[in-house]
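Trainee: My questions will all concern the structure given below.
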Amino acid sequence: MMVIQAPSRNFAARIMTKAEAVATAAPEPTAEEAPKGLPKDYAGLTVAAISEAAPGWNRPMLEAALQYEQEHGKRKGALAAIESALAAKEDKA
């Protein structure tokens with residue numbers, strides 16, 4: 001007969017909630033790390049939120065977001081949304 005032991009207290013203490021894991025995985029950029037003009041709370045935005053908001057951002061915000069993505073997240077959907085919004089701004093000019 002095999003005996004299975006319950007996990008120790010230390011094991012339970014190491015389990016993170018989903019919110020804790022997200023907060024740990026995507027820290028807010030510091031003033032030194034964040035490009036000037038980066039939209040507020042950018043690091044916490046989802047790709048869907050970036051896709052929705054990017055067309056309303058001005059050129060400096062878009063360029064800062066593009067720089068941040070290239071240096072940090074490199075999320076394909078975010079990069080595509082930002083590049084599309086920048087292209088739309090160029091077409092209007």
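Trainee: Can you confirm whether region 32-41 contains a residue that is in contact with a Pro (Cβ under 6 Å, 6 or more places away or on another chain), in a loop (DSSP other than H, G, I, E, B) and surrounded by 14 or more Cβ atoms within 10 Å (Cβ to Cβ)?
Mentor: Step one: filter region 32-41 for residues in contact with a Pro (Cβ under 6 Å, 6 or more places away or on another chain), giving 37.
Keeping just the survivors that are in a loop (DSSP other than H, G, I, E, B) gives 37.
Filter once more, so that each one left must be surrounded by 14 or more Cβ atoms within 10 Å (Cβ to Cβ): 37.
Looking for residues that are in contact with a Pro (Cβ under 6 Å, 6 or more places away or on another chain), in a loop (DSSP other than H, G, I, E, B) and surrounded by 14 or more Cβ atoms within 10 Å (Cβ to Cβ), one finds at least one in region 32-41, hence yes.
Trainee: Another question, if that's okay. Given the options GLU63, GLU71, name the one that is buried (at least 16 other Cβ atoms within 10 Å of the Cβ), among the acidic types (Asp, Glu) and at pLDDT 65 or above.
Mentor: On the way: GLU71 fails: buried (at least 16 other Cβ atoms within 10 Å of the Cβ).
Exactly one of GLU63, GLU71 is buried (at least 16 other Cβ atoms within 10 Å of the Cβ), among the acidic types (Asp, Glu) and at pLDDT 65 or above, namely GLU63.
Trainee: Given GLU90, GLU63, GLU69, which one is farther than 17 Å from GLY37 by Cα, out of contact with any Cys (no Cβ under 6 Å at 6 or more places or on another chain) and of a type in the set (Asp, Glu)? Can you show your working first?
Mentor: Values: GLU63 fails: farther than 17 Å from GLY37 by Cα; GLU69 fails: farther than 17 Å from GLY37 by Cα.
After applying the criteria, what remains is GLU90.
Trainee: Continuing with the same structure: Quick check: anything in region 57-67 farther than 17 Å from SER84 by Cα and either part of a helix (DSSP H, G or I) or touching a Ser or Thr at 6+ places or on another chain (Cβ under 8 Å) (or both)?
Mentor: First pass over region 57-67, keeping only residues farther than 17 Å from SER84 by Cα: none.
Among the residues of region 57-67, not one is farther than 17 Å from SER84 by Cα and either part of a helix (DSSP H, G or I) or touching a Ser or Thr at 6+ places or on another chain (Cβ under 8 Å) (or both), which makes the answer no.
The values are calculated or read from the model by the stated rules, or taken from the named source; none is laboratory data. A quick note: this is a predicted structure, and the numbers were derived from the prediction, not measured. Methodologically, a virtual Cβ is constructed for each residue, glycine included, from the backbone with ideal geometry; neighbour enumeration extends over all protein chains shown.
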